[in-house]
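Accompanying notes for the structure given below.
Every read-out reported here was derived from the displayed coordinates using simple, explicitly stated rules and does not represent laboratory data. Note that the structure is a prediction, hence the values are computed from the model and not measured. Please note: Cβ atoms are built from the backbone with ideal geometry, for glycine as well, and neighbour counts cover all protein chains shown.
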Amino acid sequence: MTAGAKHMTTFPRAAIVAVAWLACVGSVDAVEFGELDTDRDAFTPATTTAKVGTVLTEASYVWIDNRGMPATNSFPELLVRIGVRERFEWRLGFNHEQNSGGSVVAAVEVGEPPSDETSGDEANLLYGCKLRVTDQEGWIPRSSAIVEAFTPVAGDIWGTEPTATYAFGWELLAEWRFDTAIRYAYAESEEGWFDRWMPSAVLRIPVTDRWELHAEWFGSWTQGLADESVQPFVGPGTHFMLTPTFELGCRMGWGLTRDAAGYFVDTGIGWRF
């Protein structure tokens, strides 16, 4: 076979592959992209529940630059949300931390005891439920309530810690969304049990039907410790929908006090099936 014949044979194959690829991309683009509304997308959880009959799986890797201590590596930040009713979901999760340093920057890290030193490796199980309470109607916000517990399976602290979260928000002009939440945890430390309050607020800005940016403020305040901890953070985030059921996301933030970690970055996924 001559070189020209080989070229003519290769070209149709390449053309077929290219047409098939464009057809796949075109079919994805033709699908309407709706928000997955993952809770891992921000510290402020979504005000929606998982769609009935679906499972929304979320996972992340979080790196936390603790001040004056080794950095914390937190993974897989796994959260499985099972939609069983139109307004109700079950929640299961697991997380493991290396060099836990006390900064709470994600939903599955509530059980961290504040300390002047890292407390080694820790792991916990998460289980609970989420209920959509109201839908947006005028000034009435869309809202949801979350009740969870965190049970340690490794580390120095072994008490199961209950938490409760109420999140609410509004869709604004140009499909911008403003959400806020208050989270409470009854947590354990070497000193005993204490209260942890975690308020947050996030402004979500859609760039395209597949790409969203957000800016967020959140923090953690303790009550009942000899040396109280105040840890506010501020930072941006984004996610991109690769398919209508799969997203990639990244968020980061900077601590605003000496109690808070200097910096963190959180990279993760959301997958609905």
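Roughly how many nanometres apart are two label points built 7 Å out from the Cα toward the Cβ at Phe240 and Phe88?
With each label point 7 Å from Cα toward Cβ, the separation is 3.9 nm.
Could you derive backbone 3J(HN,Hα) for the stretch 38-53 from the dihedral phi with the Karplus parameters 6.51, -1.76 and 1.60 (θ = phi - 60°), listing whole Hz in sequence and x where the residue is Gly or Pro?
Result, rounded to whole Hz: 6, 6, 6, 4, 8, 5, 6, x, 5, 8, 10, 10, 4, 4, 4, x.
Skipping prolines and chain starts, which residues have an amide H placed within reach, meaning under 5 Å, of the one on Val133, given they are 5 or more residues away or on another chain?
Ser143, Ser144, Ala145
What list of ³J(HN,Hα) values in whole Hz, one per residue of the stretch 79-89 in order, does the Karplus curve 6.51 cos²θ - 1.76 cosθ + 1.60 (θ = phi - 60°) give from phi, with Gly and Pro shown as x?
Calculated HN-Hα couplings, in order: 9, 10, 10, 10, x, 10, 9, 4, 10, 9, 9 Hz.
Out of residues 5 or more away from Tyr263 or on other chains, whose amide H comes under 5 Å of its own, with H placed 1.01 Å from N in the peptide plane?
Placed amide hydrogens put Asp65, Gly255 under 5 Å from Tyr263.
From the alpha carbon gyration tensor of the stretch 37-272, can you work out the equivalent ellipsoid semi-axes (sqrt of 5 times each eigenvalue) and give them in Å, largest to smallest?
Values: eigenvalues 152, 71, 60 Å².
One finds semi-axes of 28, 19, 17 Å for the stretch 37-272.
Enumerate the calculated ³J(HN,Hα) couplings along the stretch 60-75 in order (Karplus 6.51 cos²θ - 1.76 cosθ + 1.60, θ = phi - 60°), each rounded to whole Hz, writing x wherever the residue is Gly or Pro.
So the J values, rounded to whole Hz, are 8, 10, 10, 10, 10, 8, 6, 6, x, 9, x, 5, 8, 10, 10, 6.
List the residues whose amide H sits under 5 Å from the amide H of Thr245, counting only those 5 or more places along or on another chain, with H placed 1.01 Å from N in the peptide plane.
Those lying under 5 Å, H to H, from Thr245: there are none.
Nearest 20 debye, what's the magnitude of the dipole of the stretch 222-273 about its Cα centre given +1 on Lys and Arg Cβ and -1 on Asp and Glu Cβ? All intermediate terms of the calculation are to be shown ahead of the outcome.
Numbers: 3 positive and 5 negative charges, 48 e Å.
Dipole of the stretch 222-273, to the nearest 20 debye: 220 debye.
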